[in-house]
Amino acid sequence: MENLQKSLEQLQNLQKTMEESKAKLDAQVFTGKSAQDLVTVTMTGEHKVTGLTIDPSLVDSEDIDTLQEMILSAISDAEDQFTKAAKDTFNPLSQLGGAN
């Protein structure tokens with residue numbers, strides 16, 4: 001019974017730590033950039049895009065495809081930064097769950 005109580009306390013502590021870590025991750029801001037930093041996207045840890053900056057040299061009505069590719073590249077870069085931050089945040093916590 002004592003082991004069960006100890007395990008339950010460990011799980012509750014782990015859950016609290018994970019919730020705190022998620023809140024910190026959600027509050028972070030990630031900035032993704034395209035090649036040559038011509039497009040910049042700002043995104044929160046909740047995956048909300050909060051900013052978009054486009055270098056005026058990209059605005060060419062004859063070449064919308066390049067602009068679209070640069071925007072997607074910047075969004076992808078911001079997502080990659082979020083994914084790395086999430087792994088860095090939660091990997092140590094996953095090891096705690098297996099500790100005895």
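The values are calculated or read from the model by the stated rules, or taken from the named source; none is laboratory data. Keep in mind the model is a prediction, meaning the values are calculated, not measured. Here the Cβ positions follow ideal geometry from the backbone for every residue, glycine too, while neighbour counts run over all protein chains shown.
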Scan segment 12-39 for residues that are touching a residue at least 24 places away in the same chain (Cβ under 8 Å) and polar (S, T, N, Q) and jot them down. THR17, SER21, GLN28, THR31, SER34
Out of everything in segment 12-57 that is among the small types (Gly, Ala, Ser), surrounded by fewer than 14 Cβ atoms within 10 Å (Cβ to Cβ) and over 14 Å from PHE82 (Cα atoms), what residue ends up being nearest to the chain's Cα centre (by Cα)? GLY51
Given (1) at pLDDT 90 or above; (2) at positive phi, index of the condition HIS47 fails: (1)
The listed residue being surrounded by fewer than 16 Cβ atoms within 10 Å (Cβ to Cβ), acidic (Asp, Glu), closer than 29 Å to PRO92 by Cβ and free of Cβ contacts under 8 Å to residues at least 40 places away in the same chain, out of GLU62, GLU9: GLU9
